[in-house]
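Below is one structure, written out as structure tokens; the observations come after it.
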Amino acid sequence: MDCIVINGGKSLKGEVSVSGSKNAALPIIVATLLANGNHKISGVPNLRDINTLAKLLTHLGAEIQFNENMEVNTHNINVFDAPYELVRTMRASFLVIGPLVARFGKARVSLPGGCAIGVRPVDIHIKSLEAMGVNIDIEQGYVTASCDELKGAHIYLDMPTVGGTENIIMTACLAKGTTVIENAAREPEIIDLVGALRTMGAQITGEGTGTIKIEGVLKLNPLNYAVIPDRIEAGTFMVAAGITGGDIFINNCPIKYMGATIDKLRETGIVIEEENGLVHVLSSGKINCVEVTTKPYPGFPTDMQAQMMALLSLADGTSIIRETIFENRFIHVAELDRLGASIKVEHDTAIIGGVKKLKGATVMATDLRASASLILSGLVAEGKTTVLRVYHLDRGYDCLEEKLKLLGADIYRTSENNL
């Protein structure tokens, strides 16, 4: 099993490019199931989650080539069963249920199971499909869906779930009549999915707002689309510059979708400015304490919470982070404390007492964003930090250690057997 080793103390400098968005690419890849033909998606990052989804689509009968671009041929989709061994490793796999039912009238998809950062139920997906005329049967851990005629519906979401919003949008594209989603999620990745679906001939309005309207069409065409850059990767680089007292330029940065993240980072004292098509991030190394509350977009993203906690562990004073999205998303706290952080958790709130320095240690990643927070801490910690179980990192960051190395970090990947 791989691990990442960091010798801390290097101030990051130089230019780095952001890869395509994982959370935008995944539903867009799933959307290829809605239309027969050859699809082309550019900007897809080379990640473990992307490769898992590619395996699932291949299982369904798609033919996939993934080099600089991803090409998906959906001519021969002939399997409508998504097994547990593929779905359990990545919850986004459950998104295939809507497009399969919409195009073929049937699907059998495993329930995705638990998640380290908290329970993320799929009942909103199921209720919404039922509202559109889909017959649902849940038995032995599988959801079996069938439908003779898919009909538009008026759907109110109890909470603005991203996956639920994406699944309803894709399904409704081929439904008869009009579907209206109220209290829809507003994330940029949903806006990007709608952009991709429009190139296929879908009729959708209201993306980026709480009300999305979809007029069903009889048929969609193959897509040719480029996914947006990853706002969480960009935010991670901003924190990397801030925590090391760095001076970096970020290329391909989706700054228009990063308002809440950038506002909070500026509060900590980090300078972030657009310059000649790049984003310049400059830090003196002095970090101000702040209060952060995670919220659905356009609020501060839960996917940046762990990275922000790493930064604030070195702030001048006491900071507060409230996690309102996932109930178990503070499980990285114990590992940050191993590096010398001073963090106390009370229910949904982390109280972070800033310390003067962190010290290297061996730590274990517990989830994707926790991995990033430990690497960020290792960049500034005295001595050597070894981060174990970095397969979590590979789910969502495309060659993060190589990009940090280009900025001057002393970081490398090796096997745990070589330690």
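Could you count how many residues in the range 391-416 are touching a residue at least 60 places away in the same chain (Cβ under 8 Å) and in a helix (DSSP H, G or I)?
Matching residues across the range 391-416 total 9.
How do the pairs read when you match residues in the range 21-45 that are closer than 16 Å to Phe66 by Cβ and not assigned by TED's automatic domain parsing to the domain that holds Tyr257 with residues anywhere that are of a type in the set (Ser, Thr, Tyr) and in a helix (DSSP H, G or I), using Cβ under 9 Å and keeping only pairs 6 or more apart or on different chains?
What qualifies is Leu26/Ser93; Val30/Ser93; His39/Thr32; Ile41/Thr32.
If I filter the range 164-181 down to residues being outside any loop (DSSP other than H, G, I, E, B) and surrounded by fewer than 21 Cβ atoms within 10 Å (Cβ to Cβ), which single residue comes out as farthest from the chain's Cα centre (by Cα)? Before the answer, list the steps.
Taking the range 164-181 and keeping what is outside any loop (DSSP other than H, G, I, E, B), we get 164-172, 176, 178-181.
So of that shortlist, the ones also surrounded by fewer than 21 Cβ atoms within 10 Å (Cβ to Cβ) come out as 176, 178, 180.
Working: Lys176: 31, Thr178: 29, Val180: 25 Å.
Going through the qualifying residues, I end up with Lys176.
Show the residue pairs meeting these rules: Cβ distance below 9 Å; 6+ apart or different chains; first residue within the range 124-147 and basic (Lys, Arg); second residue at pLDDT 95 or above and surrounded by fewer than 17 Cβ atoms within 10 Å (Cβ to Cβ).
Close Cβ pairs (under 9 Å, with a partner that is at pLDDT 95 or above and surrounded by fewer than 17 Cβ atoms within 10 Å (Cβ to Cβ)) amount to Lys127/Ile136.
List the residue pairs whose Cβ atoms are under 7 Å apart, where the first residue sits in the range 313-337 and is on the phi > 0 side of the Ramachandran plot, the second is surrounded by fewer than 23 Cβ atoms within 10 Å (Cβ to Cβ) and modelled with pLDDT of 95 or more, and the two are 6 or more positions apart or on different chains.
Between residues of the range 313-337 that are on the phi > 0 side of the Ramachandran plot and residues that are surrounded by fewer than 23 Cβ atoms within 10 Å (Cβ to Cβ) and modelled with pLDDT of 95 or more, the close pairs are Gly317/Cys289; Gly317/Gly354.
Under 6 Å by Cβ, and 6 or more places apart or on different chains, what pairs join a residue from the range 182-209 that is assigned to a helix (DSSP H, G or I) with one that is hydroxyl-bearing (Ser, Thr, Tyr)?
As it stands, the answer is Pro188/Tyr257; Ile190/Thr165; Ala196/Tyr225; Thr199/Tyr225, since those pairs meet every condition given.
Starting from residues that are among the charged types (D, E, K, R) and not in a loop (DSSP other than H, G, I, E, B), keep the ones in the range 210-238 and report whichever is nearest to Pro160 (Cα to Cα). Show your work before the answer.
Keep residues of the range 210-238 that are among the charged types (D, E, K, R), which gives 213, 215, 219, 230-231, 233.
The next check asks that each one be not in a loop (DSSP other than H, G, I, E, B); those that pass are 213, 215, 231, 233.
Numbers: Lys213: 15, Glu215: 21, Arg231: 19, Glu233: 23 Å.
Selected residue: Lys213.
Residues of the range 374-416 being surrounded by fewer than 21 Cβ atoms within 10 Å (Cβ to Cβ) and among the hydrophobic types (A, V, I, L, M, F, W, C), which ones?
Leu388, Cys399, Leu406
Contact list please: Cβ distance under 6 Å, first residue in the range 234-245 and within 12 Å of Leu312 (Cα to Cα), second residue hydroxyl-bearing (Ser, Thr, Tyr), pairs at least six apart or on different chains.
Gly242/Ser283
Return the residues of the range 131-159 that are assigned to a loop (DSSP other than H, G, I, E, B) and either of a type in the set (Lys, Arg) or surrounded by fewer than 13 Cβ atoms within 10 Å (Cβ to Cβ) (or both); say none if nothing qualifies. I'd like the intermediate steps shown before the answer.
So the first thing to find is which residues in the range 131-159 are assigned to a loop (DSSP other than H, G, I, E, B), and the list is 132-134, 140-141, 147-150, 152-153, 157-159.
The answer is Gln140, Gly141, Asp148, Glu149, Asp158, Met159.
Can you name the residue in the range 113-163 that is of a type in the set (S, T, N, Q) and at pLDDT 95 or above and, of all such residues, is nearest to the chain's Cα centre (by Cα)? Explain how you work it out, then say what you get.
To start, the set of residues in the range 113-163 that are of a type in the set (S, T, N, Q) comprises 128, 135, 140, 144, 146, 161.
Still in the list and also at pLDDT 95 or above: 128, 135, 144, 146.
Details: Ser128: 23, Asn135: 30, Thr144: 27, Ser146: 30 Å.
Top of the filtered list is Ser128.
Consider Val101 carefully, then state whether it is farther than 27 Å from Leu400 by Cβ, under 20 Å from the mean Cα position of the chain (by Cα), part of a helix (DSSP H, G or I) and in contact (Cβ under 8 Å) with a residue 60 or more places away in the chain. Can you show your working first?
Numbers: farther than 27 Å from Leu400 by Cβ: yes; under 20 Å from the mean Cα position of the chain (by Cα): no; part of a helix (DSSP H, G or I): yes; in contact (Cβ under 8 Å) with a residue 60 or more places away in the chain: yes.
When the stated conditions are applied, Val101 does not pass them.
Is there a residue in the range 332-341 that is at pLDDT below 95 and in a loop (DSSP other than H, G, I, E, B)?
Yes: the range 332-341 contains one or more residues that are at pLDDT below 95 and in a loop (DSSP other than H, G, I, E, B).
I'm trying to understand the selection: among the residues of the range 12-37, which are under 24 Å from Val380 (Cβ atoms) and surrounded by fewer than 18 Cβ atoms within 10 Å (Cβ to Cβ)? Before the answer, list the steps.
Our first condition is that a residue be under 24 Å from Val380 (Cβ atoms); within the range 12-37, this holds for 12-19.
Hits for the range 12-37 are Lys13, Gly14, Glu15, Ser17.
State yes or no: is Leu53 free of Cβ contacts under 8 Å to residues at least 40 places away in the same chain, in contact with a helix residue (DSSP H, G or I) (Cβ under 6 Å, 6 or more places away or on another chain), of a type outside the set (Asp, Glu) and buried (at least 17 other Cβ atoms within 10 Å of the Cβ)?
Values: free of Cβ contacts under 8 Å to residues at least 40 places away in the same chain: no; in contact with a helix residue (DSSP H, G or I) (Cβ under 6 Å, 6 or more places away or on another chain): yes; of a type outside the set (Asp, Glu): yes; buried (at least 17 other Cβ atoms within 10 Å of the Cβ): yes.
It is false that Leu53 is free of Cβ contacts under 8 Å to residues at least 40 places away in the same chain, in contact with a helix residue (DSSP H, G or I) (Cβ under 6 Å, 6 or more places away or on another chain), of a type outside the set (Asp, Glu) and buried (at least 17 other Cβ atoms within 10 Å of the Cβ).
All but one of (1) under 18 Å from the mean Cα position of the chain (by Cα); (2) under 26 Å from Leu374 (Cα atoms); (3) hydrophobic (A, V, I, L, M, F, W, C) hold for Phe249, so report the exception by its number.
Result: Phe249 passes all but (1).
If you take the residues of the range 290-301 that are in contact (Cβ under 8 Å) with a residue 60 or more places away in the chain, of a type outside the set (Phe, Trp, Tyr) and crowded, with 17+ Cβ neighbours inside 10 Å, which of them is farthest from Tyr397 (Cα to Cα)? Outline the logic, then answer.
Going residue by residue through the range 290-301, those that are in contact (Cβ under 8 Å) with a residue 60 or more places away in the chain are 296-298, 301.
From the residues that got through so far, the ones that are of a type outside the set (Phe, Trp, Tyr) too are 296, 298, 301.
If we keep only those that are crowded, with 17+ Cβ neighbours inside 10 Å as well, we get 296, 301.
Details: Pro296: 21, Pro301: 16 Å.
Top of the filtered list is Pro296.
Of the residues Gly43, Gly8, Gly37, which is at pLDDT 95 or above, more than 30 Å from Ile250 (Cβ to Cβ) and either within 15 Å of the chain's Cα centre (by Cα) or among the small types (Gly, Ala, Ser) (or both)? Even if it seems obvious, please write down each step before you answer.
On the way: Gly43 fails: more than 30 Å from Ile250 (Cβ to Cβ); Gly8 fails: more than 30 Å from Ile250 (Cβ to Cβ).
Gly37 is the lone residue from the list that is at pLDDT 95 or above, more than 30 Å from Ile250 (Cβ to Cβ) and either within 15 Å of the chain's Cα centre (by Cα) or among the small types (Gly, Ala, Ser) (or both).
The values are calculated or read from the model by the stated rules, or taken from the named source; none is laboratory data. For clarity, every value in this text was computed on a predicted model and none was experimentally measured. Counting neighbours? That spans all protein chains shown, and the Cβs are built from the backbone with ideal geometry, glycine included.
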